[in-house]
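Input: a single structure, listed below in structure tokens.
A short reminder: the numbers here are calculations on the coordinates, not readings from a lab. Quick caveat, the model's predicted, so the values are computed rather than measured. Counting neighbours? That spans all protein chains shown, and the Cβs are built from the backbone with ideal geometry, glycine included.
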Amino acid sequence: MKGFINPRYPMSNRNMKLDSPRYKIKGEMSPFDERDNVHARYELEADTFEWESFYRQHPGWEKEDLKTKAFPGIGRVGNERDLPMLWSQREILHKLGSEAMVDGSVSDIKQEINPARAAEKIKGFARHLGADLVRIGPLNQAHVYTHVGKTVHCPEKERDSPISLSHKHAISLAVGSNVNLIKTGPVLSEIMEMMRVYTILAKASATLASYIRHLGYSARAHNLRNYLVLCIPIAIDAGIGELSRMGILISKEFGPCLKLATVTTDLPMDYDPPVDIGVEEFCEDCKICAESCPSGAIPHGDRVAVRGVEKWKIKPEACFRVWCETGTDCGVCISSCPWTKPGTLFHNLMKEIATRMGNSGLNLFQSGWKCRITPFGKNIKNCGNISSFHPEMVLFRNMETDRLWTL
Ligand code: B12
Ligand code: SF4
Ligand code: SF4
């Protein structure tokens, strides 16, 4: 093994199932205000009362956000015959995210189920509905937004209203995306794949929440158009994966190439343990996503403390500007990450080594696993020049949908 082993790290004997999640808490974890995230800020219109009062409190963001607004926006770049495919997906997603879909009345008759059996039934039903991964954990109030920020797609919600969500438990659902399509980002085919996955999750989470309410317990779905919670920390607490340098969750099964939805509830269920799959350690040495990101949003440096947690902090304004420029949600970080590589025997073996040996296995990866994925025959590192991507390119091979895209 000499030469394969990284001398900087001893062989680690990783404990893959943990009593508490791996992230480091610094002080007290505090919740986030949805009004501060870039999507909510994008909904504000210049020269309105809301705009003035928001940027009076956050003067540093106004210039940045005006720059972003000058670009065409998501779903507004591409061929006029292809774009309606995206718009139609979004239309359905708006409906699936309405208050009437995510929440509702609870049956008067409460069914008594023991927590172990309840967890089994929930997982089985969620898988039946299309979820690839389902894990259950506690709902930490630090992961619930403080105030409503986004209302454009959900007019029933009132901007600025405080959020109160008393549920104790959370079910995290994940659906893996088609790696070939995500690799095409940042063009239309990438975001269409994201929307396909969001749709499965929106329907599955809304149906699952409805099932739980029929059992006599309060439950609410949180999906693309209507979140009250942060899906990533909840999924980490439930054992779906770990937080990565690129700022999103990596699971062993799909790497970062997955989407999440959450169902919060009062139904008591057995919890799954948080996991240590070696991601946090792997990211310390690997910086491929930071090198590949066209906006420079991903840090090359160390973790910093954010609202009581030590983590790599991305620059959301820079990332979101790329979205508004390309009309997609980019996803280059996902396609550049070694953990995204498809589940072949070789890549699965590499993941297993990363998990079991941690950074002591890194020399092996550096030669093999960490080689870059090259969409369009280019090194992904060169994708900084966004205009070199042409939205109507035929981008992938050997798929039944090959002839879908406008030439
Ligand atoms: C707003 C938002 C964005 C914004 C801002 C993100 C930001 N970091 O500020 C922008 C537009 C930049 C963005 C980009 C992307 N996003 Co986004 N985004 C969201 C959204 C809707 C809300 C999150 C939010 O309010 N963030 C603002 C604050 C809280 O961010 P933050 O302090 O930096 O914290 C981040 C992480 O550190 C973590 N986090 C927050 N608190 C805590 C606490 C603990 C203890 C831990 C461990 C982690 C953690 O979650 C936050 C993720 O944004 C979530 C859905 C949801 N409700 O969770 C999806 C979500 C996070 N996005 C997702 C994805 C996939 C992406 C993109 C890859 C785009 C794409 N093609 O899909 C990029 C990746 C960018 C990147 N490298 O992080 C997925 C992540 C799936 C996964 N594998 O984990 C989510 C969960 C959507 C979903 N339903 O699946 N996103
Ligand atoms: S989605 Fe694109 S711009 Fe945003 S962090 Fe990932 S690579 Fe960078
Ligand atoms: S590309 Fe490397 S550094 Fe970035 S998230 Fe993936 S493993 Fe971590």
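Using the per-residue mean of other Cβ atoms lying within 10 Å as a proxy for protection, in what order, highest first, do the peptides 121-129, 329-337, 342-350, 44-52 fall? Present the calculation step by step, with values, prior to reporting the outcome.
Values: 121-129: 17.3, 329-337: 25.7, 342-350: 13.1, 44-52: 11.3.
Highest to lowest by the protection proxy: 329-337, 121-129, 342-350, 44-52.
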* Net length gained if the chain between D266 and K63 were fully extended (0.36 nm per residue, minus Cα distance) -> 68.8 nm
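Which value, in debye to the nearest 20, describes the size of the charge dipole of the range 138-285 about its Cα centre when Lys and Arg Cβ atoms bear +1, Asp and Glu Cβ atoms bear -1, and nothing else is charged? Don't skip to the answer; put the middle values down first.
Working: 13 positive and 16 negative charges, 158 e Å.
The calculated dipole for the range 138-285 is roughly 760 debye.
Rank the residues W323, W61 as a footprinting-exposure proxy: fewest other Cβ atoms within 10 Å of their Cβ go first. All intermediate terms of the calculation are to be shown ahead of the outcome.
On the way: W323 24, W61 15.
Exposure proxy ranking, most exposed first: W61, W323.
Can you compute the FRET efficiency between S20 and H94 using 1/(1 + (r/R0)^6), with r the Cβ-Cβ distance and R0 = 25 Å? Round to the nearest 0.05.
Calculated value: 0.10.
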* Structure fact -> Filtered hits (aspartates and glutamates, Cα-Cα < 13 Å from K26, offset >= 8 within chain) -> E310
* **Relative packing of 309-321, 193-205, which averages over residues the other C-beta atoms within 10 Å, highest first** => 193-205, 309-321
* **Estimated vicinal HN-Hα couplings, Hz - the range 195-211 in sequence order (Karplus 6.51, -1.76, 1.60; Gly, Pro = x)** => 5, 4, 5, 4, 5, 4, 5, 5, 5, 5, 5, 5, 5, 4, 4, 5, 4
* Asked: Tell me which lysines have Cα within less than 18 Å of K259's Cα, excluding those fewer than 8 residues away on the same chain?
  -> K123, K183, K203, K341
* Rounded, prolate or oblate: which fits the range 141-252 when a ≥ b ≥ c are the square roots of the eigenvalues of the alpha-carbon gyration tensor, with rounded for a/c under 1.5 and prolate only if a/b beats b/c? -> prolate
* Asked: What ranking of S172, S98, S295 emerges when the number of other C-beta atoms within 10 Å of each C-beta is taken as an exposure proxy, fewest first?
  -> S98, S295, S172
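Work out, in µm²/s and without decimals, the Stokes-Einstein translational diffusion coefficient of the range 95-182 at 10 °C, 1.306 mPa s, Rh from Kirkwood over C-alpha pairs.
Details: Rh = 16.0 Å.
Answer, rounded: 99 µm²/s.
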* To do: Under 1.5 on a/c is rounded, so check that first for the range 127-166, then, if it is not, pick prolate when a/b is larger than b/c and oblate when it is not; a ≥ b ≥ c are the square roots of the alpha carbon gyration tensor eigenvalues.
  => oblate
* Taking the C-alpha atoms of the range 24-383, convex hull volume expressed per residue in Å³ -> 144 Å³
